[in-house]
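Enquirer: There's a structure below that I have some questions on.
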Amino acid sequence: METPDPEIFGPLAAIAPESLVLLASNIAKRCLDLPPNTSGKLVGRTYGSFNIVHIIELGDVKLVIRVPAWGWGSRLTQTAVDAMESHVATVRLIRSKTTIPVPEIYAIDTSANNEIGAPYLCMSFLPGKQASGLWFNYSGTLTLDEFRLNLLTSLARAMAQLSCFSFDQLGSIMKSGPDSVVIGPNYGWEDNEDGSMQATASGPYDSTSALLRDNPIGGYGENEHIWTRATNKTLEVLLDCLPIHDSPSSFVLCHPDLNYQNILVDDQGTVTGLIDWDRVQTQPRFMGYIIYPSWITRDWDPLWYAWPTLSDREDSPETLERYRAHYTSELGKALEWKGDWKYSSKAHLFEAIWIATFADHCSADICEKFVHTVVGDDTDASDIFFDIGGGYIEEEDWAAVKAKLRRFVCGDQIMQDDRHRIDNHYKRSAYWDNTGFDGNGSRLRGLKENIMQTLISRHQISLSTATIFSSELLWQSEWISMRSALLPSNMARPSGTGSQTPTGSFTGPLPKSESVVINHEFAIHCMPSHKVRPALN
């Protein structure tokens, strides 16, 4: 078992196993109507930055006792107590209104007047293994990719259940009743100079704009460092791209740290538990339950992303993009393609902007990545970023960069006059599979597959995120009409025997044709879909 760091946890690191067993036995008798158990034992212990987690076995029953890092000395403040009570109120609300597998909380004590001499939560033990130990090291009956896709599907279905909640303030849930919920401040933690942590509170806020006004980005005057000026200038543009709707304001829930160490799964990838809801709070809708699990947005966390250096512990950007597309599709199915799902395909971008706003140590790297993404690989983004900060960039060049940033982040809003957008484009595989051909195209086996293969190989279009938009594509209802003019010159026309059916080996771009008519429900979205995890304090 792990030994907690005494510098963080002080006397909490030395709580006697006998005291923990006694506490668990008393709670089991009181809450579960179990007889006193004198043979219980401590069978597991782990710790993180904020809690020590003890697993107590009482015969056939296991209980979890969490002891918070702030539960001793000067850290034990009323703000810390309120944050713990908010955590309990939120988990109980989620458990009462959904089937999301969260722990049942049996007891809470925010004082030190108990069997272990420290604040604690006692909750049910959830089955499963941490997804963090299986994502790269799965050895079950499925392939690794099957396991991963099952996990993401199960998680998306669980997160979609949070859509049943809506709140009129941004903050933490303090109390909930049959007809009302009381929202309190946002709770967070600040590091003290001695390395300890102190609970903080701010808000609650009636709007997202009020939160941002209370946490303004820095300036870009001459006294600021050149990289700070570049970051703040870029972030100012990016913040304007967020889909902030203040009239009326409406907020939702999300897990505060949706990372794979907080997700328990079985051998088939089904989620059996979502744990560690500390600091859970309501969020703007574009940062709510639709956000991606953080480990599939690591390519948008440039400060920590280590691909390809650590390829055994990191997924490639292409792989992450494919998993995001799958997650978005499964979330769309669970939400019936309604509501906040409309934000999901851009959630990694919104989250990156949000983190850059509230986490100063990440801001410069994230903003530089946005600039690099929109100016392209052929341009040295670091030089452009330096010029932005130093004021050396020409006004029209800076205007062009800003326009590219806006188009990249919120392209669907600003380009609505330039292209046709299908809100449920993540249904496209089903529409494509049921699309028919008439004319010469109907005689050519493999045509559809070859078209898609060519688009991918020649134009690097991802089926998960790309959109075909062109003046040659006429949006209509049921059929694709393929004329002979569509066929590439290096692709044989069909013969009566089918002996020249194409095999997908042809090369070259598809010629333009005015005769293509595409099912209006079928779209492939061409804006790149790329990305970290916010804490407001």
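Enquirer: Of these, V91, V21, V102, V61, which one is out of contact with any strand residue (DSSP E or B) (no Cβ under 7 Å at 6 or more places or on another chain) and surrounded by 15 or more Cβ atoms within 10 Å (Cβ to Cβ)?
Expert: Criteria check complete, one pass: V61.
Enquirer: While we're looking at this one, here's another question. Can you confirm whether region 140-149 contains a residue that is within 22 Å of S196 (Cα to Cα) and either among the hydroxyl-bearing types (S, T, Y) or more than 22 Å from the chain's Cα centre (by Cα) (or both)?
Expert: no
Enquirer: Next up: Any residue in region 111-132 that is in a helix (DSSP H, G or I), in contact with a helix residue (DSSP H, G or I) (Cβ under 9 Å, 6 or more places away or on another chain) and either closer than 30 Å to A325 by Cα or modelled with pLDDT under 95 (or both)? Lay out the reasoning, then the answer.
Expert: Pass one, region 111-132, residues in a helix (DSSP H, G or I): 131-132.
Filter once more, so that each one left must be in contact with a helix residue (DSSP H, G or I) (Cβ under 9 Å, 6 or more places away or on another chain): 131-132.
Restricting the remaining residues to those that are either closer than 30 Å to A325 by Cα or modelled with pLDDT under 95 (or both) gives 131-132.
Yes, the conditions are met somewhere in region 111-132.
Enquirer: Does T319 qualify as being at pLDDT 95 or above and under 14 Å from M159 (Cα atoms)?
Expert: Numbers: at pLDDT 95 or above: yes; under 14 Å from M159 (Cα atoms): no.
So T319 does not fit the description; no.
Enquirer: Within region 341-354, track down each residue that is of a type in the set (D, E, K, R) and surrounded by 22 or more Cβ atoms within 10 Å (Cβ to Cβ).
Expert: Selection gives K346, E351.
Enquirer: Look through region 33-54, keep the residues that are of a type in the set (A, V, I, L, M) and surrounded by 14 or more Cβ atoms within 10 Å (Cβ to Cβ), and return whichever of them is farthest from S196 (Cα to Cα).
Expert: L34
Enquirer: Within region 119-142, take every residue that is of a type in the set (S, T, Y) and open to solvent by less than 30 Å² (accessible area, probe 1.4 Å) and give me the one that is farthest from S19 (Cα to Cα).
Expert: For region 119-142, the residue satisfying everything is S124.
Enquirer: Does A14 meet the test of being surrounded by fewer than 17 Cβ atoms within 10 Å (Cβ to Cβ), over 30 Å from the mean Cα position of the chain (by Cα), of a type outside the set (K, R) and more than 30 Å from T282 (Cβ to Cβ)? Even if it seems obvious, please write down each step before you answer.
Expert: Values: surrounded by fewer than 17 Cβ atoms within 10 Å (Cβ to Cβ): yes; over 30 Å from the mean Cα position of the chain (by Cα): yes; of a type outside the set (K, R): yes; more than 30 Å from T282 (Cβ to Cβ): yes.
Taking the combined requirement at face value, the residue satisfies it.
Enquirer: Something else: Do we find that D145 is surrounded by fewer than 14 Cβ atoms within 10 Å (Cβ to Cβ) and either among the polar types (S, T, N, Q) or at pLDDT 95 or above (or both) in this structure?
Expert: Yes: the conditions hold for D145.
Enquirer: Moving on to the next point. Is there any pair linking a residue in region 12-33 that is more than 15 Å from V53 (Cα to Cα) and modelled with pLDDT of 95 or more to one that is buried (at least 22 other Cβ atoms within 10 Å of the Cβ) and among the hydrophobic types (A, V, I, L, M, F, W, C), with Cβ under 7 Å and at least six apart or on different chains, and which?
Expert: Sorted first by the residue in region 12-33, then by its partner, the pairs are S25/L58; I27/L63; I27/C122; A28/L58; A28/L63.
Enquirer: Sticking with this structure for a sec: Check off (1) more than 21 Å from H372 (Cβ to Cβ); (2) of a type outside the set (S, T, Y); (3) over 19 Å from the mean Cα position of the chain (by Cα); (4) modelled with pLDDT of 95 or more for P248 and give me the number that stays unchecked.
Expert: Failing condition for P248: (4).
Enquirer: Applying the selection to region 177-218, what residues are over 16 Å from A359 (Cβ atoms), surrounded by 12 or more Cβ atoms within 10 Å (Cβ to Cβ) and among the small types (G, A, S)?
Expert: Those that are over 16 Å from A359 (Cβ atoms), surrounded by 12 or more Cβ atoms within 10 Å (Cβ to Cβ) and among the small types (G, A, S): G184, S196, A199, A201, G203, S207, S209, A210.
Enquirer: Would you be able to say whether some residue in region 379-390 is buried (at least 22 other Cβ atoms within 10 Å of the Cβ), modelled with pLDDT of 90 or more and closer than 11 Å to W300 by Cα?
Expert: no
Enquirer: Being modelled with pLDDT under 90, hydrophobic (A, V, I, L, M, F, W, C) and under 24 Å from the mean Cα position of the chain (by Cα) is true for just one of I217, I173. Which residue is that?
Expert: Going through I217, I173 in turn, the sole match is I217.
Enquirer: Only one of these is in contact with a His (Cβ under 7 Å, 6 or more places away or on another chain) and either farther than 30 Å from L121 by Cβ or among the hydroxyl-bearing types (S, T, Y) (or both): D315, D299, D278. Name it.
Expert: The conditions single out D299.
Enquirer: A further question follows. Out of (1) assigned to a loop (DSSP other than H, G, I, E, B); (2) under 30 Å from F165 (Cβ atoms), the odd one out for I94 is which?
Expert: With (1) assigned to a loop (DSSP other than H, G, I, E, B); (2) under 30 Å from F165 (Cβ atoms) applied to I94, the lone miss is (1).
Enquirer: Can you confirm whether region 159-176 contains a residue that is open to solvent by 40 Å² or more (accessible area, probe 1.4 Å), part of a loop (DSSP other than H, G, I, E, B) and closer than 30 Å to V374 by Cβ?
Expert: No, every residue in region 159-176 fails to be open to solvent by 40 Å² or more (accessible area, probe 1.4 Å), part of a loop (DSSP other than H, G, I, E, B) and closer than 30 Å to V374 by Cβ.
The values are calculated or read from the model by the stated rules, or taken from the named source; none is laboratory data. All values derive from a computational prediction rather than experimental measurement. Neighbour counts run over all protein chains shown; Cβ positions are idealised from the backbone, glycine included. Calculation scope for accessible area: heavy atoms of the full protein, side chains included, ligands and nucleic acids excluded. Shrake-Rupley method; radii C 1.70, N 1.55, O 1.52, S 1.80 Å.
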